[in-house]
1. So which residues in the stretch 99-116 are surrounded by 13 or more Cβ atoms within 10 Å (Cβ to Cβ) and among the charged types (D, E, K, R)?
2. If you go through the stretch 38-45 one residue at a time, do you hit one that is exposed (fewer than 12 other Cβ atoms within 10 Å of the Cβ) and farther than 30 Å from P91 by Cβ?
3. Quick check on this structure: which one of F19, F77 is within 30 Å of T95 (Cβ to Cβ), over 14 Å from the mean Cα position of the chain (by Cα) and not acidic (D, E)?
4. So which residues in the stretch 23-60 are under 30 Å from E8 (Cα atoms) and within 14 Å of the chain's Cα centre (by Cα), if there are any at all?
5. When both residues are 6+ apart or on different chains and their Cβ atoms are under 9 Å apart, which pairs have a first residue that lies in the stretch 44-67 and is more than 15 Å from K103 (Cα to Cα), and a second that is surrounded by fewer than 15 Cβ atoms within 10 Å (Cβ to Cβ) and among the charged types (D, E, K, R)?
6. Which one is surrounded by the most Cβ atoms within 10 Å (Cβ to Cβ), of the residues in the stretch 59-98 that are touching a Pro at 6+ places or on another chain (Cβ under 9 Å) and among the small types (G, A, S)?
7. Could you tell me which of the residues G67, G57, G104 is over 17 Å from R43 (Cα atoms) and touching a strand residue (DSSP E or B) at 6+ places or on another chain (Cβ under 9 Å)?
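All of the numbers you see were taken from the coordinates with simple rules; none came from a lab. None of the values given here were measured: they were computed from a predicted structure. Don't worry about glycine lacking a Cβ; one is built from the backbone with ideal geometry, like all the others, and counts go over all protein chains shown.
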Amino acid sequence: IRLLFVQEADDQAMRKVSFELNGQTRIVEVADKSVKILRPQNRKVSADHEIGSPLQGKLSNILVKAGDVVKENTPLFVIEAMKMETVVAAPEAGTIQKIVLEKGSIVAQDDVVLEF
C-alpha cells in the first residue's frame, strides 16, 4: 500500500484519500474527526414581535420585505419540509421591521425568520 495524496477537508469534514493497492489506485472519502465544523446557530424566538419557523425545514420563500404593512393572516413566508410547504401567516396586523434570515436558509423550529 502506498499513499498518494490526502485532500483538504471539505465543509462536512470529509477528506478524499488516494492510495495505491496492488498496483491499482483507490480513492476513498473519510471523515476527519480532528476538523471542527462551524455551523451558524439561528436565533430563537424570544419576544412577541418575532415570527419564527413552526417546524424544521428550508425557508423556501419570503413573501414580504422590511417596511411592508400587513394585515392579520397575510402570508409571510414558506417553509418546505419533507416535500410539503407550510405557509406562515401574520398573527396580527403590523409592519415588517426586519427580515432576519435569507431565502434558502435551513431553519429549526422556533428560529426567528422576521420581526414585526
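1. Selection gives D110, D111, E115.
2. Yes, the stretch 38-45 contains a residue that is exposed (fewer than 12 other Cβ atoms within 10 Å of the Cβ) and farther than 30 Å from P91 by Cβ.
3. Step by step, each of F19, F77 is checked, and only F77 is within 30 Å of T95 (Cβ to Cβ), over 14 Å from the mean Cα position of the chain (by Cα) and not acidic (D, E).
4. Selection gives L38, R39, P40, Q41, N42, G57, K58.
5. E50/R43; E50/K44
6. Per the criteria, the residue is A90.
7. Values: G57 fails: over 17 Å from R43 (Cα atoms); G104 fails: over 17 Å from R43 (Cα atoms).
Answer to the selection: G67.
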